[in-house]
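Below: one structure, written as C-alpha cells.
The values are calculated or read from the model by the stated rules, or taken from the named source; none is laboratory data. Since the structure is predicted, the reported quantities are computational estimates derived from the model, not experimental observations. Cβ: placed from backbone, ideal geometry, glycine included. Neighbour counts: every protein chain shown.
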Amino acid sequence: MANTTFNGPVRSQNGFQSISINSTTGAVTVNATFGAATSVTDLTATNVTATNLVFTDQNHPTKAALTATATLSAAQVATGYITVTSATAVTLTLPTGTSLGTAIGATQGTVLELYIDNTASTSSGAVTVAVATNGILSSAAADTPGSFGDLTIPVGATGLARFTIMFSSATAYVFTRTA
C-alpha cells in the first residue's frame, strides 16, 4: 500500500495501530497502539537524536541516588531525578555546561527539569546545590534568593525541589529553582 499524507486531523473511533509485516512469513506484529489507553510495546532508539526526542514523562524510571557531597555527572543530572539520603549536610555541584550539554545534545533553548528529593535524609542532612563552570543562576534566582535562588533543600516532608536548567548555548546553562 502506498503512503498517504493527510491535511487535517485523522480520526478513528477504535484507535490506531503501528504494525510491521514479516516479509518471509507475512506475520503481522503490532508495535504500538494509539487510542484512549495508548501503549507502546516495542520502543527502540533507531534514528533518535536530541533534535527529535522530546521528554514528556515525569515518572523518572531512572534515578541517581547519592549519600554524600559530590560533583554530579552529566548522566546523573540527565535522569532528571536525584535522591539524597544523608545524616549530614551535602553539597551537590552540577556538571559543567559543556559536559551536561554534550550528554543531552543541548542546543540554545534546550530545557531540562531536575528534581532533587531529600525527604529520606535525617537530622542535619540538608542539601545545597552549586552550579559549575558555564552554569549561572538566572536573574530571577539572583534577584530573589529566598525563592528562585533558594539552593538549599531541607530534610523531611518539605525536602523536594524542582529546578529548571535552560541552555543559552550548547555549552552554557542558566539555573533556576522553580518549586
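A few remarks follow.
- Here Ala78, Ala64, Ala132, Ala89 are screened, and the one residue that is of a type in the set (Gly, Ala, Ser), in contact with a Gly (Cβ under 8 Å, 6 or more places away or on another chain) and free of Cβ contacts under 8 Å to residues at least 40 places away in the same chain is Ala89.
- Val155 vs. criteria assigned to a loop (DSSP other than H, G, I, E, B) and surrounded by 20 or more Cβ atoms within 10 Å (Cβ to Cβ): yes
- Qualifying residue in region 104-112 (condition: modelled with pLDDT under 95, closer than 17 Å to Thr79 by Cα, part of a strand (DSSP E or B) and in contact with a strand residue (DSSP E or B) (Cβ under 7 Å, 6 or more places away or on another chain)): yes
To keep it simple, each residue is scored yes or no on (1) of a type in the set (Lys, Arg); (2) modelled with pLDDT of 90 or more; (3) assigned to a loop (DSSP other than H, G, I, E, B); (4) more than 20 Å from Thr178 (Cα to Cα).
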position	(1), (2), (3), (4)
Gln76	no, yes, no, no
Leu92	no, yes, no, no
Ala132	no, yes, yes, no
Ala141	no, no, no, no
Gly149	no, no, yes, no
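Residues checked against (1) within 21 Å of the chain's Cα centre (by Cα); (2) part of a loop (DSSP other than H, G, I, E, B); (3) farther than 15 Å from Gly97 by Cα:
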residue: Ser124; (1), (2), (3): no, yes, yes
residue: Thr128; (1), (2), (3): yes, no, yes
residue: Pro145; (1), (2), (3): no, yes, yes
residue: Thr164; (1), (2), (3): yes, no, no
